[in-house]
1. By how many nm would the segment from Arg62 to Arg120 grow when fully extended, if each residue of separation counts as 0.36 nm and the alpha-carbon distance is taken off?
2. Where the eigenvalues come from the Cα gyration tensor of the chain, what are the semi-axes √(5λ) of the equivalent ellipsoid, largest first, in whole Å?
3. Tell me, what ³J(HN,Hα) does each residue in segment 108-122 have, in order and in whole Hz, if you take phi through Karplus 6.51 cos²θ - 1.76 cosθ + 1.60 with θ = phi - 60° and put x for Gly and Pro?
Amino acid sequence: MKTGVLTGINRSAWVLLVFGVIAVLFALSAFAWPARTAVSLAWAFGVMALAEGVISVIALFRKDTPIPKGWLALYALTSILFGGLAILNPVATAGVLLMFLAVWLIIAGIFRIVFAIRVRKEIDNEWMLAFSGVIAIVLGIVFIAYPGAGLVLVTIWIGLAALIYGALQIVAGWRLRRFTKRF
């Protein structure tokens, strides 16, 4: 007879397996149709932002809201605006998000190079830190110069992360399942 803990673990095993399979299927779609997947991701971000905005508007009318009403109203408005834009034009939203990523990569690369120069006397192999900065800058410039290719590349990276995540979830789910069958 299984205890409550083992029943809960068994149920969790199936959840892990389902999440893993969904993640692997998402990864396969990212590899097969990276541009469509990027647009779908932007659309999904829009749906989530719109939902957050609506929930925040509802929270504005509650008396026990711990966030100041002005900040909550600003958050609700920006969430609804971003969500609406992303739902109505996910291609543009994906492009804008890619540009933010590109600018961040360039700034992060400059920071890494400056940091490597500043700590070169205290650490060994500081060139690796500086080199990672150069790679980040080059990648940011490539994303700005070739946004379509950048969007595809980022989607493939996300797909690779989803594939690894999914595989780990499936393995964990099977291990938990086997563990509970012993009892």
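1. Numbers: separation 58, 0.36 × 58 = 20.88 nm, distance 5.44 nm.
In short, 15.4 nm is gained.
2. Details: eigenvalues 236, 168, 85 Å².
Equivalent ellipsoid semi-axes, largest first: 34, 29, 21 Å.
3. So the Karplus estimates, Gly and Pro as x, are 4, x, 4, 4, 4, 5, 4, 4, 4, 5, 5, 9, 4, 7, 9 Hz.
Throughout, read-outs are computed from the coordinates displayed, never taken from laboratory work. Every value quoted in this text rests on a predicted model; they were computed, and no experiment measured them.
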